[in-house]
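Below is one structure, written out as structure tokens; the observations come after it.
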Amino acid sequence: MKKFIETLVNIYKIEELRNRIGLTLGILLIYRLGAQIVLPGIDSVQLASLASRTDGGGLLGILNAFTGGAFANASVFALGIMPYISASIVVQLMGIAIPYLQKLQKEGESGRKTINQITRWLTIGICIVQAPAYLFGLSALGVPDSAFVIGKGPLFMFSSISILVTGTIFAMWLGEKITDKGIGNGISLLIMVGIIATLPLSFAQEFAARVTENNGGLMMILIEMILWVVVILLSILLVLAVRQIPVQYARRTAGSDSSSAAVGSRQYIPLKLNASGVMPIIFAQALMFAPAYVGGLMGDDSSVGVWMETNFQDIFGLWYNVVFALLIIIFTYFYTAITVPTNKMSDDLKRSGGFVPGIRPGNETSDFLDNVMSHITFPGSLFLAGLAVLPALVVKLIGMQQGWALFYGGTSLLIMVGVAIDTIQQVNSYLLNRHYDGLMKSGNNRKNVA
């Protein structure tokens, strides 16, 4: 505790870091306030049915968690930051097949700015599609027509669509400001703060269910908290685990007799156990909407359609999670293959005079790195799939509330862990840089004295 307090004092002493943290907290507060502002023309009192549909977990619960409750509030931030995430994924995948995007990726800072601009315009396009779908879907989700004070005419639709699109663009701008002038990755922090916003209510519901209904009592709550800490620690290990590949860099130094001797310096290539992050889970969740939708299209006359619609609407069901886990394993290999270019790594090593001991530079090094990635991706994908289906296991095995179970694995937990680790590492880098500057100053003083 004493060391933690000293760290906080050191953070406060660094003016730049203090200002960055303050700006970040201020922007996050603005985002959370915006999630409570209901769209003009909608009576917030009559949104109770929408809130009840999103409280019990399920697909709507996941959407609501990612927007920090803005989805259930019919807020100006109801679409959240997810359209921007979707646009980023699409642009990243298109970069594999479209030469123009591949060229931009190699142009450095100017190319990155152009790609960011393409992503922003695509975000607006996605919002224009999602905003009317959300507004028309409110009635299907139980919001009565009387909740729409001025009706659902052209005036309401145009103004609401404009506000929803603007809300997402504003949230995207807030995230970029955090990245540029704050601390941590802004977009990820907005998602994380939205997820954390639903945590207290979910825990309160679980506490009430255990204590007031005599369903295990405080002892069961204690067991669940211990289990949660263990799952978080395992998630941290998954995020940080790397396989270090030794690399030798040969260089030549001239001796006093003008002869040269080969001297080598050894470094490492860190290959992450989970190089794909949470993307396989996001991809898999996007596809898991399809079976229930296809089953609904088949109608009640088809036994296969009824089975698909029944089994794939329940995200805590057996067949949903079996298919979900298989898709995560497949997408882990797919996303790792496109984000870890072993051929480029091998070429870069060869150009810089580096080599893996015992492996010839060039194609053999590329094959070696690809083989290592394949071997470490398999346990990583199994671990990722296990975390993704863990909420369903705790619901079925120990009767946990669905809302609280979502924090025991899947995208929510991995995002919270990953963003927290990234932010802490950035804070530590500021502290280390401050310490390094102090050493340099003392070194200069010693030099001057001499």
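Against the chain, whose longest principal axis is taken from its Cα atoms, helix 217-240 shows a tilt of about 40°.
For the stretch 99-153, the share of alpha carbon pairs falling in successive 5 Å distance bins from zero is 4, 16, 16, 12, 10, 9, 8, 7, 7, 8, 2 percent.
Descending by average beta-carbon neighbour count within 10 Å, the peptides 317-324, 42-49, 412-419 line up as 412-419, 317-324, 42-49, the highest first.
Against the main long axis of the alpha-carbon atoms of the chain, helix 154-181 sits at an angle near 20°.
Computed over the Cα atoms of the chain, the ratio of the radius of gyration to the Kirkwood radius (Rg/Rh) comes to 1.02. Among 166-174, 214-222, the peptide with the highest mean count of other Cβ atoms within 10 Å heads the list, and the full ranking is 166-174, 214-222.
Amide hydrogen proximity for VAL247: with H placed 1.01 Å from N in the peptide plane, the residues at 5 or more positions away or on another chain lying under 5 Å are GLN267, TYR268, ILE269. The listed peptides 345-355, 188-198, ordered by packing as a protection proxy, come out as 188-198, 345-355 (highest mean of other Cβ atoms within 10 Å first). Full extension of the chain between SER146 and GLU109 yields a length gain of 8.2 nm, computed as 0.36 nm times the residue separation minus the alpha carbon distance.
Our summary of shape: the Cα atoms of the stretch 354-441 have principal axis extents of 54, 46, 14 Å, ordered from largest down, in whole angstrom. Electrostatic tally near ILE221: other residues with Cβ closer than 10 Å to its Cβ, Lys and Arg +1, Asp and Glu -1, net -1. Rg/Rh, computed from the Cα trace of the stretch 69-110 with Rh as the Kirkwood radius, has the value 1.25.
Candidate cross-link partners of LYS106 among the lysines, defined by an alpha-carbon separation under 16 Å and a same-chain spacing of 8 or more, comprise LYS344.
Shape index of the stretch 20-192: Rg/Rh, with Rg the Cα radius of gyration and Rh the Kirkwood radius from the inverse mean 1/r over Cα pairs, equals 1.02. Close amide-amide hydrogen proximity is noted between VAL242 and LEU273, each under 5 Å apart and 5 or more residues distant or on a separate chain (H modeled in the peptide plane; Pro and chain starts excluded).
Just tell me which lysines come within less than 21 Å, Cα to Cα, of LYS113; anything on the same chain fewer than 8 places away is out. Excluding near neighbours in sequence, the set is LYS103, LYS177, LYS181. Between VAL322 and MET225, the modelled labels are 3.8 nm apart [label points 7 Å from Cα along Cα→Cβ]. What separates the Cα centres of the stretch 412-435 and the stretch 340-405 is a distance of 22 Å. Of all lysines in the structure, those lying under 17 Å Cα to Cα from LYS13, and not within fewer than 8 positions of it along the same chain, are LYS2, LYS3. Modelled spin-label separation between THR339 and ASN215, with each label point placed 7 Å from Cα along the Cα-to-Cβ direction: 3.6 nm.
A helix-only calculation puts the chain at -24000 deg cm²/dmol for mean residue ellipticity at 222 nm, using -39500 (n - 2.57) for each DSSP H run of at least four residues, averaged over all residues. Compute the long axis of helix 363-398 from its Cα atoms, compare it with the longest principal axis of the Cα atoms of the chain, and write down the angle in degrees, 0 to 90, nearest 10. The angle comes out near 30 degrees.
None of the figures in this text is laboratory data; all of them are computed from the coordinates on show. These figures come from a predicted structure and were not determined experimentally. All Cβ positions, glycine included, derive from the backbone under ideal geometry; neighbour counts span all protein chains shown.
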